[in-house]
Amino acid sequence: MTVSHVFHAGEATVFAREGQFTDAMPEILIGRTDGPVGQAFANMMAQSKGHTAMFAIRACNQLVRPATIIVPKVTLKDFANIDLFGGVVQSATADAVVDSLIDGTIPKELANELCIISLVWIDPRCAKDPNFDRKDMYRTNHEATMLAIKRALSNEPSVDELIANRLKIKHDMDDWS
């Protein structure tokens, strides 16, 4: 982990249980509030139709530290998906940030000097699925956010790992090479 904490990026994917569309794929930026991540964080406070940014809160009056903003990667077109974003996903993200403080991944002494931007995925099919499982959506988002934060602050994957895997690993959606 670098001392300056200027700009750390991480991502993770955690797959849904069978029959669910609750895969989680957060993309995280963590950095100091007085650096480029802090500037981006402040700029994200402007609203964009269908991509409303929200603070991660554990409950009313319980904004997490480091301050965390969540933004959907897909356009949220209806209240059902907005409800999932501002409910299950927001809760899972907030809990993951606090749990990252608890386990020491995020240094407690930096909690008020860092901020986090989390781009989150909500599959539009979730809200219409009669078998939708909110607990699975919480599980995948919590687990993936914890992992993305850890990877960001550990600078994972390393450059050496990326080079070693260049010809061994393909993108999951790769059917062209």
Original post:
When the Karplus curve 6.51 cos²θ - 1.76 cosθ + 1.60 is applied with θ = phi - 60°, which whole-Hz ³J(HN,Hα) does each residue of region 109-119 get, with x for Gly and Pro?
Top reply: 5, 9, 4, 9, 9, 10, 9, 10, 10, 10, 8
**OP:** Among (1) 24, 18, 16; (2) 25, 23, 15; (3) 31, 26, 12, find the value of semi-axes √(5λ) of the Cα gyration tensor in Å that was calculated from the structure presented, and write down its label.
**Re:** (2)
Original post:
So which trypsin sites (Lys or Arg not before Pro) in region 32-87 are both in a DSSP loop and have at most 10 other Cβ atoms within 10 Å of their Cβ?
Top reply: Lys49
Original post:
Counting Lys and Arg as +1 and Asp and Glu as -1, each charge on the Cβ, what is the dipole of the chain about the Cα centre in debye, to the nearest 20?
Top reply: 320
Original post:
What number of lysine-lysine pairs in the chain show an alpha-carbon separation below 26 angstrom, given a sequence spacing of 8 or more or placement on distinct chains?
Top reply: 13
**OP:** Work out how much length Glu143 to Met44 would gain on full extension: take 0.36 nm times their residue separation and subtract the Cα-Cα distance, in nm to one decimal.
**Re:** 33.2 nm
Original post:
Once both labels are modelled 7 Å past Cα along the beta-carbon direction, what's the Asn131-Glu113 spacing in nm?
Top reply: 5.0
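Between Thr33 and Arg166, what FRET efficiency follows from the Cβ-Cβ distance if R0 is 30 Å, with the result rounded to 0.05?
Working from the Cβ atoms, E equals 0.25.
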Subject >> FRET efficiency, Ser158 to Phe7 (Cβ-Cβ, R0 22 Å, nearest 0.05) >> reply: 0.85
Original post:
Can you list the residues, at least 5 places off or on another chain, whose amide H is less than 5 Å from the amide H of Leu114, using H built in the peptide plane?
Top reply: Thr33
Original post:
Can you tell which of Ser100, Ala152, Ala111 lies farthest toward the positive end of the dipole of region 63-154, using +1 and -1 charges on the Cβ of basic and acidic side chains (Lys, Arg; Asp, Glu)?
Top reply: Ala152
Original post:
Once label points are set 7 Å from the Cα along Cα→Cβ at both Phe79 and Cys60, what is their separation, rounded to one decimal in nm?
Top reply: 1.8
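No value in this document is a laboratory result; all are computed from the given coordinates. Remember, predicted model here, so these are calculated numbers, not experimental data. With ideal geometry, Cβ positions are generated from the backbone for all residues, glycine too; neighbour counts draw on all protein chains shown.
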